[in-house]
Amino acid sequence: MSYLVLARKLRPPRFKDLVGQEHISKTLINAIRTDRVAHAFLFTGPRGTGKTSCARILTKALNCHAPVEHEPCNVCENCLEINQGIATDIIEIDAASNRGIEHIRELRENVKFSPAKCRFKTYIIDEVHMLTTESFNALLKTLEEPPSHVKFILATTDHHKIPTTVISRCQRYDFSNISIPEMVTYLQSVVEKEGISVSDSALKLISKSATGGMRDALTTLDMLISFGGDLVDDEKVITVLGLNDARELDGLLEAIIEKDVAQVISLFQNLVAKGRSIARIVIDLMGVVKDLSLVKSVPEGDLNWHDFLPDQLDLYKRLSAKVGIGTLQQYFQIILDIEGQIKRSTQAKICVEMGLMRMCSVESLVGVAEIITALRSAGKKKIPAIN
């Protein structure tokens, strides 16, 4: 039997198994409990947050022979067929490849027929924003007044491309990005079941790289298990995710602060030699300067929302003692200038190198507050406090 990736193997079978979407789970369960289930739903949100999984769970809950507290039992014939994707009354349509008006006309003809086994005939249309304007117009009347035995569940990552006439005919549910703590907690349960040893810091790195999508996190975890076997540590995660670039960029910023021009150019050329995009290096360097500015300006206790690489925060604390916030603002402005130059020039590499040397020559700016503090401490003149 072929291997089943974690993202498919661990699809949530019940509403309560959806991670980070409790508001949606509660609403749908209450709708089923009170028999107030709409005829059309629109599930919208970022990729990998559970839209299609929730559509299948809702479909099972509406057709389950023996629901448990309005959750699908996942053992009856209907639930098993829906889980296996072989239920004849559950039609999943990929709108990206079935976007023409002829497909919608076929759908309009088929909705007239009663379901063969299930209570409802359900149409799950994934990436519905890919339908053409003519297709949306053809779907409107059926979507607004379908037969009583039909349910529509539309899923999309970009609801802005859906006509408002379609949205107004559906109950809209917005799926949110899954938070890093929620994702880490879930991944901990996954690795325990799989018998894999993964450090908490490694799970945080995986969760951060997933940018709110559980599918991305599970896909990354699959890769790491293939790469590292039963033991996945921070270094393996950093290698697989390409986070070594972040450490090299930290080294580049440290060399800039130390005004070591030779080291700065050497580190930049090493990144380019590895095949890194020059534009990407500039954008990432902008992010590094921003992160250091945060560490410089914000108390450590207020940085809990930001996840740093192992030992990265300690490095930023050390660097923040060597550079002022005014200098960091100058760095940021120079990087913005470099970004504009490489878009206009055919010599992007030279533009970046000259910009990096310009950053090395930046002189520290001293603000009024610092001058007053210095004068007071020197005792040269008693200066009244500024209100």
Reachable lysines from residue 290, criterion Cα separation under 21 angstrom, eight or more residues apart if same chain: 204, 208, 259, 317, 322
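Give me the number: length gained by fully extending residue 278 to residue 137, i.e. 0.36 nm times residue separation minus the C-alpha to C-alpha distance, one decimal in nm. Working shown, then result.
On the way: separation 141, 0.36 × 141 = 50.76 nm, distance 4.51 nm.
The residue 278-residue 137 span can extend by a further 46.2 nm.
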Which three extents, in angstrom, do the Cα atoms of segment 180-240 have along their principal axes, listed largest first? 25, 24, 18
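Can you give the longest run of the chain that contains no GluC sites (Glu not before Pro) sitting in a DSSP loop with at most 10 other Cβ atoms inside 10 Å?
70-362
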Over what distance in Å are the Cα centres of segment 184-219 and segment 72-89 separated? 29
Length gained, residue 357-residue 193, 0.36 nm per residue minus C-alpha separation, equals 53.9 nm
Given a Förster distance of 45 angstrom, what is the FRET efficiency for residue 337 paired with residue 233, based on the Cβ-Cβ distance and rounded to 0.05? 0.65
Provide the FRET efficiency to the nearest 0.05 for the residue 298-residue 344 pair, computing r from the beta carbons and using R0 = 25 Å. 0.10
Which of 13, 154, 44, positive extreme of dipole for segment 6-174 (C-beta unit charges): 13
Over all pairs of distinct alpha carbons, what does the Kirkwood formula give as the hydrodynamic radius of the chain, in Å? 25.1
What is the chain's relative contact order, in percent, from Cα pairs under 8 angstrom and six or more apart in sequence? 14
Once normalised by the length of segment 244-368, the mean sequence separation of its alpha carbon contacts under 8 Å that are 6 or more apart gives a contact order in percent of 33
Placing +1 at every Lys and Arg Cβ and -1 at every Asp and Glu Cβ, with all other atoms neutral, what dipole size does the chain have around its Cα centre, in debye to the nearest 20? 940
Taking the dipole of the chain about the Cα centre (Lys, Arg +1; Asp, Glu -1; charges at Cβ), the one of 74, 164, 206 that reaches farthest to the positive side is 164
Once you list every other residue whose beta carbon is under 13 Å from the beta carbon of residue 33, what net charge do they have if Lys and Arg are +1 and Asp and Glu are -1? -1
Helix 261-273 sits at what angle to the longest principal axis of the chain, using alpha carbons and giving 0 to 90 degrees rounded to 10? 30
Does a label point 7 Å from the Cα of residue 101, set along Cα-to-beta-carbon, have any residues of segment 135-160 with amide nitrogen under 19 Å, and which are they? 135-144
Would you please classify the overall shape of segment 24-180 from the alpha carbon gyration tensor, given that a ≥ b ≥ c denote the square roots of the eigenvalues, rounded means a/c under 1.5, and beyond that prolate means a/b larger than b/c while oblate covers the rest? oblate
Length gained if residue 66 through residue 167 is fully extended, taking 0.36 nm per residue and subtracting the Cα-Cα distance, is 33.1 nm
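No value in this document is a laboratory result; all are computed from the given coordinates. Keep in mind that what you see is a predicted model, and the values were worked out from it rather than measured. With ideal geometry, Cβ positions are generated from the backbone for all residues, glycine too; neighbour counts draw on all protein chains shown.
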